[in-house]
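Everything on this sheet refers to the single structure shown next.
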2 protein chains.
Amino acid sequence: MAVTDIATRTYDHGWRLDPIVRSLLDTDFYKLLMLQMIRHLHSDVRATFSLINRSTSIRLADVIDEGELRAQLDHARTLRFSKKELIWLAGNSFYGQQRMFSPDFIAWLADFRLPEYELQAIDGQYRLRFEGPWTHTTMWEIPALSIINELRARAAMRDKGRFALDVLYARAKARLWEKVERLRALPDLAISDFGTRRRHGFLWQRWCVEALKEGLGRRFIGTSNVLLAMDNDLEAIGTNAHELPMVMAALADSDEAVAASPYRVLEEWKAHYGGNLLIVLPDAFGTAAFLEHAPDWVADWTGFRPDSAPPIEGGEQIIRWWQERGRDPKSKLLIFSDGMDVDSIETVYRRFQGRVRMSFGWGTNLTNDFRGCDPDGGTALEPISLVAKVIEANGRPAVKLSDNPAKATGDPAEIARYLRIFGASGQSASAVRV
Amino acid sequence: MAVTDIATRTYDHGWRLDPIVRSLLDTDFYKLLMLQMIRHLHSDVRATFSLINRSTSIRLADVIDEGELRAQLDHARTLRFSKKELIWLAGNSFYGQQRMFSPDFIAWLADFRLPEYELQAIDGQYRLRFEGPWTHTTMWEIPALSIINELRARAAMRDKGRFALDVLYARAKARLWEKVERLRALPDLAISDFGTRRRHGFLWQRWCVEALKEGLGRRFIGTSNVLLAMDNDLEAIGTNAHELPMVMAALADSDEAVAASPYRVLEEWKAHYGGNLLIVLPDAFGTAAFLEHAPDWVADWTGFRPDSAPPIEGGEQIIRWWQERGRDPKSKLLIFSDGMDVDSIETVYRRFQGRVRMSFGWGTNLTNDFRGCDPDGGTALEPISLVAKVIEANGRPAVKLSDNPAKATGDPAEIARYLRIFGASGQSASAVRV
């Protein structure tokens, strides 16, 4: 007897929308940590986020139907944190700490919804912006990116037969498992999933996370995806992002205040979080300038996440700095998370093993590596470099310099001003692929 | 809402047997062709088939539970040809010919059931025998082998988690698709599935056949599995097997009659079938002896299936023989089916391309290549060399010499007698892996 669940099949006949984001927890953990602080200290700030497609050759508006994109964004706006999710946020421990989120914040989250969006197709690209209170627009970053990336993947797969899809996923699974087997050879590896925003799709990210949990055991320390952390009893991983110093600098009234803003962010952060959450993200306006002018207490923080310098050079630079400041790098932590894949993870691991504590945040190349997997060939499933960045705070332009000029964002005149303030020493350009 | 088909799940709770063989058409096509002839000419012959595990280091009775094996064999004995199957056998054309099977034979099949079996576990191996009319015992060969091979695979996978199974099949699918892509590069390839008896499992064979259909297009000429041919609108492929000359020789009253038996089989065959079914299987008692003493009309047959000589040497030998007999090899067909895989297919294809028509029967390495696919490691899923051979006809011992002494079967004294009759020239030993 052939068994078909007729109710399911009948429901499928009338299929309207397969939602990409089904929970507000389907976001990166650092968003919630930052949000609690933003709400506490900067609830009056308005911030505008904008989609930026750095892979300009990919004409997203030609690939993704605008109606489908609106339907997904609209669906995300219908979401609320469920009771189960709020109870878990309140009751779970994060980074070994109970009650990371205050009851007041949890109560505020209960009413949270994503704010409006502005969407236009212009010259083959989408202009997608989120304007409003920083406390709300910040929460669009991850769902907006994962929606666009998954819609792009769906478009690439729309005309494929069942069989081509079967081979596609078989290859991608086999590929990931080869990576798992290579990573297993690194005995002291600590690695986490950072791949939510760039994922091929939610179900695929879930499979990848389950694969790392199964295959890497204690080497797999968790996921940045809060929903997957909850559902799989994994640690939620993440600290803070460039938007904090970018907004602080945008709001600053003088060049001196701009120059001080990266350290002001750290002071604010330290007032809210401790321990392994004391991770410095040094490269918003260039790591060299950041280190040169950093107050001595910055060297007491747990570690750094160099996010745009080449990992070996960036790591060595920070280790040297710790040593100059009389700190022992062996007690410090470096987190590598910029476009890592197995080759670079192995190289970095071997370079720094025994000299510093290390962990890796594995993003695009974990959750969206379908290169060469399509039996029909083509590159439509290759990942692209898509970000959603803060571009304005209280009406003033926001800027990121980065250690890699290819990753700089903002108005050119403002970038020039920031380069005068921070200098361009130590910048090193390299192509941004993912 | 999580969707579960409660009826299916409840049925699964009470799972008793997942039948491996669910249709009497789940067998090789040549069995039906031979059966029609055996019934016509030799319905009074009794023949005993026996399981022979040439991979003696694999202790099958330690791996496969006897109760499960009996349950599967018993289930196979409950099967009858369904009306749909008989109508298809009667109405379909095979090798371009309508009404390949006579109405009389089809009517006889309607009452067919597999005969009894004798099963004992002895010293870690199964003694599995089928005694009775040749018309019935012959039909056990394929289901018995596919049952044992699948039970062995199931045992190897019993303790695996969902995830390990997922990676296992992903790797096997990716592996097969790499093979498909290599075979696509051979423009005039003609290949068919010969993997029923040695398959990992029925569902896996079905996937493999669908993969070849999708990936090789017209290069994939069909499958030996009658059920899969019917269900996928593919050609059923196959002609005849060693059991015909083995039984004829066993029944022969003199050494001269033994020596003549391979040609007598061909005469009987030619009285029943024509065209592309006129394929000589020359190696039952050694190809060299067969060719040396063959009547001239054998060279008029469509082709040869060298089944135990190394393929290049075997092919060259037959091509020389055709030339010596004044036939043009370009009009002839060679079918290679002994342990082929992509490497050997490519080599043989390149060697003979343009010199002879060729086709390949791809067996174990198509439907049971899980080598290195198990994420837990181990060799429990590697294929073994398991056959079911006729060992007696009307109480007299049956013998196969083969071109490879490692494939010889039968009583040692009888083998010695056959070697005296046919000679051992041209025999060349090589390890039998699959």
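The values are calculated or read from the model by the stated rules, or taken from the named source; none is laboratory data. These numbers come from a predicted model, not from an experiment. Don't worry about glycine lacking a Cβ; one is built from the backbone with ideal geometry, like all the others, and counts go over all protein chains shown. For the accessible areas, the whole protein counts, side chains as well, though only heavy atoms, and no ligand, DNA or RNA atoms are used. Shrake-Rupley method; radii C 1.70, N 1.55, O 1.52, S 1.80 Å.
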### Task
Give the range A:192-201 a look and list any residue that's open to solvent by 10 Å² or more (accessible area, probe 1.4 Å) and either under 18 Å from residue B:165 (Cβ atoms) or out of contact with any helix residue (DSSP H, G or I) (no Cβ under 7 Å at 6 or more places or on another chain) (or both), or say none.
A:194
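Does residue B:284 count as in contact with a His (Cβ under 6 Å, 6 or more places away or on another chain), closer than 22 Å to residue B:194 by Cα and surrounded by 21 or more Cβ atoms within 10 Å (Cβ to Cβ)? Don't jump to the end; show me each part of the working.
Working: in contact with a His (Cβ under 6 Å, 6 or more places away or on another chain): yes; closer than 22 Å to residue B:194 by Cα: yes; surrounded by 21 or more Cβ atoms within 10 Å (Cβ to Cβ): yes.
In short, yes.
Residue-wise test of (1) assigned to a helix (DSSP H, G or I); (2) more than 30 Å from residue A:9 (Cα to Cα); (3) of a type in the set (Asp, Glu).
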site: B:11; (1), (2), (3): yes, no, no
site: B:15; (1), (2), (3): no, no, no
site: B:20; (1), (2), (3): no, no, no
site: B:25; (1), (2), (3): no, yes, no
### Task
Answer yes or no as to whether residue B:255 is out of contact with any Ser or Thr (no Cβ under 8 Å at 6 or more places or on another chain), open to solvent by 10 Å² or more (accessible area, probe 1.4 Å) and within 26 Å of residue B:429 (Cβ to Cβ).
yes
### Query
If residue B:231 satisfies every condition in (1) open to solvent by less than 40 Å² (accessible area, probe 1.4 Å); (2) under 30 Å from residue A:161 (Cα atoms) but one, which is the exception?
(1)
### Message
I need the full set of residues from the range B:161-178 which are open to solvent by less than 20 Å² (accessible area, probe 1.4 Å), more than 14 Å from residue B:375 (Cβ to Cβ) and more than 7 Å from chain A (Cβ to nearest Cβ), in order please.
### Response
B:176
### Summary
Out of (1) surrounded by 22 or more Cβ atoms within 10 Å (Cβ to Cβ); (2) free of Cβ contacts under 8 Å to residues at least 40 places away in the same chain; (3) within 14 Å of another protein chain (Cβ to nearest Cβ), the one residue A:222 does not meet is (3)
### Odd one out for residue B:102 among (1) out of contact with any Gly (no Cβ under 9 Å at 6 or more places or on another chain); (2) more than 24 Å from residue B:229 (Cβ to Cβ); (3) of a type in the set (Ser, Thr, Tyr)
(2)
### Message
Just checking, does the range A:61-81 include any residue being of a type in the set (A, V, I, L, M), free of Cβ contacts under 8 Å to residues at least 60 places away in the same chain and surrounded by fewer than 20 Cβ atoms within 10 Å (Cβ to Cβ)?
### Response
yes
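Consider residue B:141 carefully, then state whether it is more than 14 Å from chain A (Cβ to nearest Cβ), part of a helix (DSSP H, G or I), among the acidic types (Asp, Glu) and open to solvent by 10 Å² or more (accessible area, probe 1.4 Å). Steps first, please.
Working: more than 14 Å from chain A (Cβ to nearest Cβ): yes; part of a helix (DSSP H, G or I): yes; among the acidic types (Asp, Glu): yes; open to solvent by 10 Å² or more (accessible area, probe 1.4 Å): yes.
Criteria met by residue B:141.
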### Task
Search the range B:179-191 for residues being touching a Gly at 6+ places or on another chain (Cβ under 8 Å) and open to solvent by 20 Å² or more (accessible area, probe 1.4 Å), and hand back the single one that is farthest from the other protein chains (Cβ to nearest Cβ).
B:184
### Message
Among the residues of the range A:258-281, what is the count of those that are open to solvent by 50 Å² or more (accessible area, probe 1.4 Å) and in contact with a Phe, Trp or Tyr (Cβ under 7 Å, 6 or more places away or on another chain)?
### Response
1
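Please tell me if residue A:158 is more than 20 Å from residue A:385 (Cβ to Cβ), within 14 Å of chain B (Cβ to nearest Cβ), of a type in the set (D, E, K, R) and over 19 Å from the mean Cα position of the chain (by Cα).
Details: more than 20 Å from residue A:385 (Cβ to Cβ): yes; within 14 Å of chain B (Cβ to nearest Cβ): no; of a type in the set (D, E, K, R): yes; over 19 Å from the mean Cα position of the chain (by Cα): yes.
Criteria not met by residue A:158.
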#### Entry: Within the range A:105-134, considering residues that are part of a helix (DSSP H, G or I) and open to solvent by 10 Å² or more (accessible area, probe 1.4 Å), the one nearest to residue A:373 (Cα to Cα)
A:106
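Name every residue in the range B:396-431 that is in a loop (DSSP other than H, G, I, E, B), under 24 Å from residue B:143 (Cα atoms) and out of contact with any Gly (no Cβ under 8 Å at 6 or more places or on another chain), in order of residue number.
B:408, B:410
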### Task
May I ask you to list the residues in the range B:129-147 that are aliphatic (A, V, I, L, M) and under 12 Å from residue B:113 (Cα atoms)?
B:139
## Note on the structure
If we keep only residues of the range A:36-55 that are under 20 Å from the mean Cα position of the chain (by Cα) and part of a strand (DSSP E or B), then the residue farthest from residue A:121 (Cα to Cα) is A:47
### Query
Do you know which of the residues in the range B:415-429 that are buried (at least 18 other Cβ atoms within 10 Å of the Cβ) and not aliphatic (A, V, I, L, M) is modelled with the lowest pLDDT?
B:426
### Task
Search the range B:14-51 for residues being away from chain A (no Cβ under 14 Å) and open to solvent by 80 Å² or more (accessible area, probe 1.4 Å), and hand back the single one that is nearest to residue B:92 (Cα to Cα).
B:40
#### Entry: helices (runs of 4 or more DSSP H) wholly inside the range A:160-263 containing at least 2 residues that are under 30 Å from residue A:44 (Cα atoms) and modelled with pLDDT of 95 or more
A:226-231, A:243-251
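For the range A:375-387, indicate whether the set of residues that are free of Cβ contacts under 8 Å to residues at least 40 places away in the same chain and not hydroxyl-bearing (Ser, Thr, Tyr) is non-empty.
Taking the range A:375-387 and keeping what is free of Cβ contacts under 8 Å to residues at least 40 places away in the same chain, we get A:377, A:379, A:382.
Filter once more, keeping what is not hydroxyl-bearing (Ser, Thr, Tyr): A:377, A:382.
Among the residues of the range A:375-387, at least one is free of Cβ contacts under 8 Å to residues at least 40 places away in the same chain and not hydroxyl-bearing (Ser, Thr, Tyr), which makes the answer yes.
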### Message
I need the full set of residues from the range B:307-348 which are open to solvent by less than 10 Å² (accessible area, probe 1.4 Å) and under 28 Å from residue B:383 (Cα atoms), in order please.
### Response
B:308, B:314, B:315, B:334, B:336, B:340, B:342, B:345, B:348
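Yes/no matrix, rows are residues, columns are (1) over 28 Å from residue A:157 (Cα atoms); (2) under 24 Å from the mean Cα position of the chain (by Cα):
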position: A:374; (1), (2): no, no
position: A:380; (1), (2): no, yes
position: A:393; (1), (2): yes, yes
position: A:397; (1), (2): yes, yes
position: A:404; (1), (2): yes, yes
position: A:409; (1), (2): yes, yes
position: A:413; (1), (2): yes, no
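Only one of B:183, B:165 is touching a residue at least 40 places away in the same chain (Cβ under 8 Å) and more than 18 Å from the chain's Cα centre (by Cα). Can you tell me which?
Details: B:165 fails: touching a residue at least 40 places away in the same chain (Cβ under 8 Å).
The match here is B:183.
Matching residues to (1) of a type in the set (Asp, Glu); (2) in a loop (DSSP other than H, G, I, E, B); (3) within 30 Å of residue B:164 (Cα to Cα):
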residue: B:297; (1), (2), (3): no, no, no
residue: B:308; (1), (2), (3): no, yes, no
residue: B:323; (1), (2), (3): no, no, no
residue: B:326; (1), (2), (3): no, yes, no
residue: B:339; (1), (2), (3): no, yes, yes
residue: B:350; (1), (2), (3): no, no, no
residue: B:359; (1), (2), (3): no, no, no
residue: B:365; (1), (2), (3): no, no, yes
residue: B:380; (1), (2), (3): no, yes, yes
### Query
Which of the residues that make up the range B:328-337 are in contact with a helix residue (DSSP H, G or I) (Cβ under 8 Å, 6 or more places away or on another chain) and either outside any helix (DSSP H, G or I) or more than 23 Å from residue B:270 (Cα to Cα) (or both)?
B:328, B:332, B:333, B:334, B:336
